[in-house]
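One structure below.
The values are calculated or read from the model by the stated rules, or taken from the named source; none is laboratory data. It should be emphasised that the depicted structure is a prediction, and the values quoted were computed from it without experimental measurement. Cβ coordinates were reconstructed from backbone atoms using ideal geometry, including for glycine residues, and neighbour counts include every protein chain displayed.
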Amino acid sequence: MRVFLPRLLWILAFLLVLVTVGTVGYMLIEGWPPGDALYMTVITLTAVGYQEVHPLGAAGRDFTMLLLVAGITWMAVWFAGLTSAIVELDLQDALRRRRSMKDIANMKDHVIVCGAGRTGRQVAQELETMTSRFVVIEIDSARIEKLREFVPHAHVVEGDATHDQVLIDAGVLRAKGLITCLSADTDNLFVCLSARDLAARLTIVARAYEEETTDKLYRAGADQVVSPNASGAIRMASVLLRPSVVSFLDIVTRSPDLALRMEQATVGAASGVDGKTLLEAGIPQRTGLIIIAVRKTTGGPSDFHFNPAADTRLEAGDDVIVLGTEDQIAELRRYVS
């Protein structure tokens, strides 16, 4: 489009010059009034073929022939420019899709977001602040264009997320997680079934509109189910009863301008801290991070050890939840992975 606009301006300028030359020419050669001269110029340039406004002399006919050739030339240039713009736009779109699919084919341990509605768009914006390795699946082209306004560099697969091949194209076999937030609970249920069948170790997070769908989504393979109604109600109550706590959590988990962030790091089996206590691991001394909690390998709600004691033993698969800078968090992940 940026290339087409200068061409369009040149073509319109060429037309303006032809109209001006034609109008002035008829006025000088035939002595016509400006209105008649302009009308004759327009019907000549467009090759409409109406009859002459007034009888033409020999010089007027020669001028008309030259003007007619110039008009046909202008129309040829116009159609050529228009065709070129259409082809270039289609080609750019095709090349963009090809590059995007090539990038997706090289992705590993990425996140797949099914749906680019309001929720999916917000999920993509949040993922963009933390990682560039995510893919959005959306079937509606209008929603894809809306997504690109907010997340310009998002990798998008245009298709139906309930189809196995579309999930495979998005790299579900190599992904570490999938978030399905389609507009219908039945579609989210189907995505969970398909994704779990294709990738048994995939972490799946699903959105549920209706409360009775939650258990079905868990049975279909979802690891976590989020209900906007339930989470919204809890947040509204928390904002009223614990406003400072909510503001603090919003800042440390969402603010892009804050130096400190709340993150997690998983203890690897080959790391030097596996089997050690927090005192022996010396994470705060080594990284400067604040350890908020440790979640044990079983991952149940009761397995969170908040403000863990120094004798808390770390094991492979445990999640260490910390507060610190991005550099400190990166150092921790290198240390415990």
Does A265 satisfy being touching a helix residue (DSSP H, G or I) at 6+ places or on another chain (Cβ under 6 Å), under 26 Å from D223 (Cβ atoms) and modelled with pLDDT of 85 or more? yes
From the residues in segment 94-130 that are of a type in the set (V, I, T) and out of contact with any His (no Cβ under 8 Å at 6 or more places or on another chain), which one is farthest from I168 (Cα to Cα)? T129
Search result, residues across segment 115-151 that are crowded, with 17+ Cβ neighbours inside 10 Å, of a type outside the set (A, V, I, L, M, F, W, C) and part of a helix (DSSP H, G or I): T119, G120, R121, R143
Go through segment 1-51 and give me each residue that's under 21 Å from M75 (Cβ atoms) and charged (D, E, K, R). R7
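Quick grid of which residues meet (1) outside the structural domain of C114 (by TED's automatic domain parsing); (2) over 18 Å from Q122 (Cβ atoms); (3) out of contact with any Cys (no Cβ under 9 Å at 6 or more places or on another chain); (4) modelled with pLDDT under 90:
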| site | (1), (2), (3), (4) |
| --- | --- |
| Q165 | no, yes, yes, no |
| A170 | no, yes, no, no |
| L189 | no, yes, yes, no |
| C192 | no, yes, yes, no |
| A206 | no, no, no, no |
| Y209 | no, no, yes, yes |
| A222 | no, yes, no, no |
| G232 | yes, no, yes, yes |
| S238 | yes, yes, yes, yes |
Hey, L182 more than 19 Å from V111 (Cβ to Cβ), aliphatic (A, V, I, L, M) and modelled with pLDDT of 90 or more or not: no
Qualifying positions in segment 123-172 - of a type in the set (G, A, S) and touching a Gly at 6+ places or on another chain (Cβ under 9 Å): A161, A170
Members of segment 120-158 that are within 18 Å of S183 (Cβ to Cβ), touching a residue at least 12 places away in the same chain (Cβ under 8 Å) and of a type in the set (S, T, N, Q): S141
Could you tell me how many of the residues in segment 296-318 are surrounded by 19 or more Cβ atoms within 10 Å (Cβ to Cβ) and within 34 Å of the chain's Cα centre (by Cα)? 1
Matching residues in segment 152-163 (part of a loop (DSSP other than H, G, I, E, B) and either modelled with pLDDT of 90 or more or under 14 Å from G120 (Cα atoms) (or both)) number 6
Given the conditions (1) at pLDDT 85 or above; (2) loosely packed, with under 13 Cβ neighbours inside 10 Å; (3) out of contact with any helix residue (DSSP H, G or I) (no Cβ under 6 Å at 6 or more places or on another chain); (4) of a type outside the set (S, T, N, Q), report the number of the one that V24 does not fulfil. (2)
Any residue at all in segment 283-290 that is more than 24 Å from M130 (Cβ to Cβ) and more than 34 Å from the chain's Cα centre (by Cα)? yes
Complete set of residues in segment 167-186 that are in contact with a helix residue (DSSP H, G or I) (Cβ under 9 Å, 6 or more places away or on another chain), outside any loop (DSSP other than H, G, I, E, B) and not charged (D, E, K, R): L167, I168, L178, I179, T180, T186
Among the residues of segment 52-66, are any of a type outside the set (A, V, I, L, M), outside any helix (DSSP H, G or I) and under 12 Å from L18 (Cβ atoms)? no
